[in-house]
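Below you'll find the structure, written out as structure tokens, and then a few comments.
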Amino acid sequence: MEKAIEITSLEFEYEKDSKVFSDLSLSIQKGEYVTLLGHNGSGKSTLARLIIGLLEAKSGKIEVFGKELNEENIYAIRSNVGIIFQNPDNQFIGSTVADDIAFGLENHQVPHDEMDSIIKKYASLVGMEDFLDKEPTSLSGGQKQRVAIAGVLAMHPSLIIMDESTSMLDPRGKKEIRDVVKKLRNENKDLTILSITHDVEEAFDSDRIIVISNGKIMFNDVPNKIFEHEKELLNIKLDIPFVYKLRNGLKTKGIDIDSLDEKEMVRLLCQ
Amino acid sequence: MPIKFSHLNYVYSKDTPLETAALHDINLDIIDGSFVCLVGHTGSGKSTLIQHINALLTPTSGSVDVNGIKVMNKKDKKGFLKSLSKEERKHQNIKEIRKNVGLVFQFPEYQLFEETVLKDVSFGPKNFGFSDEEAIKKAKESLKLVGIDESLYDKSPFELSGGQRRRVAIAGIISLNPDILILDEPTAGLDPQGSNEMMELFNILYKNGTTIIMVTHDMDIVIKYATDVIVLKKGDIILECKPHSLFLNDEILKELCVEEPKPISFAKDLIKNGMKISLENVKDTDTLIEEICKARVKYE
């Protein structure tokens, strides 16, 4: 199977002798939805910046869709990768929603008469088709992030990196983005998504979770397995979903509930 | 320092084409020592409301009374001052409010500016007339309270991590020992443990008598810490209640587009299925487990 990302023995430091990564290796398959989970300062955003070449590794190899990240390949790789950052206000550059989505298209010299239909297509994919003439000030954070996603999709990336793109949003905004991501996955099975977050409920949506702490991979597994490690996750400042916390807590009080389904748990408890 | 909003209206960009009414006829009492959470969608007027409490905004009409000092627009305040005796007028200085009401904006870490952490935190006390020595002492106390290690005092704030920067920014505000602390989404963007630690800090201040007014979208915070909840919608207060009543009000929950905290919805399901637990005692997963244990003991 084709690999979307392949990282081998990556080493990186911002300052001399304080390594963020000393020997990191991981791989992500094409079409996979992977969450990189870690606390503030764990190195997860640094990793995203390394993958798109905004930062340069000290040693090691990063391959994106089989191409090694180097000076020669960097633009080819970037044209295939879209990234959504954390702050909705820092990535809205157009004066209207339509202008913002058009920005990348203009940079790639897409003919003007084709642009309109492309803009409409992706605006409606993220549910923003009624806002094309709106200015950024009249949009909520969630709406701005959806526009950022539309702008990225219009460039047909094979890989989308979401760098804490919901952490500054209110509950409605978070839900909007989660729904859009689910929709994208359904429409295009080949699209690879790498989501960086510390929101465990959001991480639950993905195919696989990679837990990072102090620049090292601590766990790399499907969500169900990951959250069995309550102690370790709490130790590295993360949380576990409610059902796990409840089941484990009841167990220490001598109440064994062998289920992680809320309804079933209620039934067993009320017997 | 009780706070009283009376018939407060606020209009942004009045008499321009961009005129927007942000708050309508707000009447609200906040009593000393309460922990109030303000909830509502983006654009509901939460931030506009809190900025009136330390007079960063003045009402288009109406007033906010903070411990007897009235925040009003210039014209109204002039008329009000005329009605007072000379002695009473002395107690109407807005600067007193600024000293006693600390306001922490959203993402306060973007407002750090000094060369070192210690200088940044002592800026506030110095500005309010404390000597260098006293200001440094206050800064050190509040840095200790927010859990910033001494080894970081002489570092540039920009060398710190995001979570540390936020603590430093908050230390800058609490170094003035405000009686009222207003926080606009203080935990946004923090990891779960960072968020818990931050909330425990505010809880300590609350237990020491500080009135806490917090804008938040996090219902887990509301249920665990708030004494009172105020729900805003398009510039109106649509509900004032105790945290638990908020989660019994399905209509409001739907309006707010929030899910109730998981321990609450689980407890409700248990009650529906016949378990005898009291919802008011459920504040988080731990208290839910305690309640379940109590109910099970009663059964047996």
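The values are calculated or read from the model by the stated rules, or taken from the named source; none is laboratory data. Just so we're clear, the structure is a prediction, and the values are computed from it rather than from any experiment. With ideal geometry, Cβ positions are generated from the backbone for all residues, glycine too; neighbour counts draw on all protein chains shown. The accessibility values were calculated without ligands, DNA or RNA, using every heavy atom of the protein model including side chains. Shrake-Rupley method; radii C 1.70, N 1.55, O 1.52, S 1.80 Å.
Restricting everything to alpha-carbon atoms, can you work out Rg to Rh for chain B with a Kirkwood hydrodynamic radius?
1.01
How far, in nm, would the chain grow between B:LYS95 and B:LEU81 when pulled straight, counting 0.36 nm per residue and subtracting the alpha carbon separation?
3.5 nm
Taking every DSSP beta bridge that has both residues in segment A:91-232, what percent is antiparallel when rounded to the nearest 5?
For segment A:91-232, the DSSP antiparallel bridge percentage is about 50.
Report, in degrees rounded to the nearest 10, the 0 to 90 angle that the Cα long axis of helix A:141-153 makes with the longest principal axis of chain A.
Orientation of helix A:141-153: about 60 degrees from the principal axis.
Take the Cα coordinates of segment B:47-104, assign each an equal point scatterer, and use the Debye formula without solvent to give log10 I(q)/I(0) at q = 0.29 Å⁻¹.
-1.30
Suppose we look only past 21 Å in the calculated P(r) of segment A:3-240. What percent of the Cα-Cα pairs does that tail hold?
In whole percent, the long-distance tail amounts to 57.
Would you kindly give the portion of the calculated P(r) for the protein assembly as shown that falls above 48 Å, as a percent of all Cα pairs?
Distances greater than 48 Å cover 17 percent of the Cα pairs.
Dimensions of segment A:179-262 along principal axes (Cα, Å, largest first)?
For segment A:179-262, the Cα extents along the three principal axes come out at 46, 32, 16 Å.
Could you tell me how far the Cα centroid of segment A:115-160 sits from the Cα centroid of segment B:228-255, in Å?
Taking the Cα centre of segment A:115-160 as reference, the centre of segment B:228-255 is 32 Å away.
Counting residues in segment B:261-300 as N, plug N into 2.2 N^0.38 Å and put the Cα Rg over that result.
Working it through for segment B:261-300, the quotient is 1.02.
With unit charges on the beta carbon (Lys/Arg positive, Asp/Glu negative), name the residue among A:GLN143, A:THR252, A:ALA203 whose Cα is farthest towards the positive pole of the charge dipole of the protein assembly as shown.
A:THR252
Count the DSSP beta bridges whose two residues both fall in chain B, then state the antiparallel fraction as a percent rounded to the nearest 5.
Rounded to the nearest five, the antiparallel share is 55 percent.
Please average, across the residues of A:29-41, the number of beta carbons from any other chain that are within 10 Å of each residue's own beta carbon, and give a whole number.
2
Nothing charged except the Cβ atoms of Lys and Arg (+1) and of Asp and Glu (-1): what's the magnitude of the dipole of segment A:46-95 about its Cα centre? Round to the nearest 20 debye.
The dipole magnitude comes to about 100 debye.
Using the heavy atoms of the protein chains alone and a 1.4 angstrom probe, what is the accessible area of the protein assembly as shown per residue in square angstrom?
48
Once you have the Cα-Cα distance between B:GLU134 and B:ILE31, take 0.36 nm times their residue separation minus that, and quote the gain in nm to one decimal.
34.0 nm
Kindly identify residues of segment B:21-44 having a loss of at least 40 Å² in accessible area between the isolated chain and the assembly of all protein chains, probe radius 1.4 Å.
Residues shielded by partner chains are B:HIS41, B:THR42.
Output the pairs from A:LYS182/B:LYS254; A:LYS3/A:LYS134; A:LYS253/B:LYS272; B:LYS140/B:LYS207; A:LYS216/B:LYS262; A:LYS216/A:LYS253 with a Cα-Cα distance over 28 Å in this structure; if there are none, say none.
A:LYS3/A:LYS134; A:LYS216/B:LYS262; A:LYS216/A:LYS253
Would you mind estimating how fast segment A:108-204 diffuses translationally, via Stokes-Einstein at 20 °C and 1.002 mPa s with the Kirkwood radius over Cα pairs, in µm²/s?
151
Can you list the residues of segment A:159-178 that have at least 50 square angstrom less accessible area with all protein chains present than in their chain by itself, probe 1.4 Å?
Buried by the other chains: A:MET168, A:ASP170, A:PRO171, A:ARG172.
Looking only at the protein assembly as shown, where both bridge partners belong to it, what percent of the DSSP beta bridges are antiparallel (to the nearest 5)?
55
Quick check: at a probe of 1.4 Å, how many percent of the accessible area of the protein assembly as shown sits on carbon and sulfur atoms?
48
Ratio of alpha-carbon Rg to the 2.2 N^0.38 Å globular estimate for segment B:118-177, to two decimals, please.
Relative to the 2.2 N^0.38 Å estimate, segment B:118-177 comes out at 1.00.
Taking the C-alpha atoms of segment B:1-75, how large are the radius of gyration and the largest Cα-Cα span, Dmax, in Å?
Here Rg and the maximum Cα pair distance are 12.4, 42 Å.
Mind listing, in residue-number order, the residues in segment A:226-262 that have at least 50 Å² less accessible area with every protein chain present than in their own chain alone (1.4 Å probe)?
So the qualifying set is A:LYS237, A:PHE242, A:LEU246, A:ILE255, A:GLU262.
Per residue, how big is the convex hull of segment A:1-55 when only Cα atoms are used? Give it in Å³.
Here the figure is 85 Å³ per residue.
Counting just the Cα atoms, what span does segment B:91-208 cover along each of its three principal axes? Round to the nearest Å and put the largest first.
Extents along the principal axes: 43, 28, 24 Å.
Under a plain spin-label model, where a point goes 7 Å from the Cα along Cα-to-Cβ, how far apart in nm are A:LYS3 and B:THR60?
Calculated label separation equals 6.1 nm.
Rounded to the nearest 100 Å², what is the sum over both chains of accessible area buried where A meets B, with a probe of 1.4 Å?
Using a 1.4 Å probe, the pair buries roughly 2700 Å².
At what distance in nm do the modelled label points of B:HIS7 and B:ASN73 sit from each other, each positioned 7 Å from its Cα along Cα→Cβ?
1.4
Magnitude of the Cβ-charge dipole of segment A:133-271, K/R +1 and D/E -1, about the Cα centre, nearest 20 debye?
Around 120 debye, computed over segment A:133-271.
Roughly what angle does helix A:97-107 make with the longest principal axis of chain A, taking Cα atoms, 0 to 90 degrees, to the nearest 10?
The angle comes out near 70 degrees.
Over all residues in A:86-93, what is the mean tally of Cβ atoms on other chains that come within 10 Å of each residue's Cβ?
Partner Cβ neighbours, averaged per residue: 1.
How about segment A:64-102: which GluC sites (Glu not before Pro) there are in a DSSP loop, with at most 10 other Cβ atoms within 10 Å of their Cβ?
A:GLU71, A:GLU72
With the radius of gyration and the Kirkwood radius both derived from the Cα set of segment A:47-115, what is their ratio Rg to Rh?
1.05
Roughly how big is the protein assembly as shown's charge dipole about its Cα centre, with Cβ charges of +1 (Lys, Arg) and -1 (Asp, Glu), in debye to the nearest 20?
Once rounded to the nearest 20, the dipole reads 1620 debye.
Give me the angle, in degrees from 0 to 90, between the Cα long axis of helix A:112-125 and the longest principal axis of the Cα atoms of chain A, rounded to the nearest 10.
Computed tilt is about 20 degrees.
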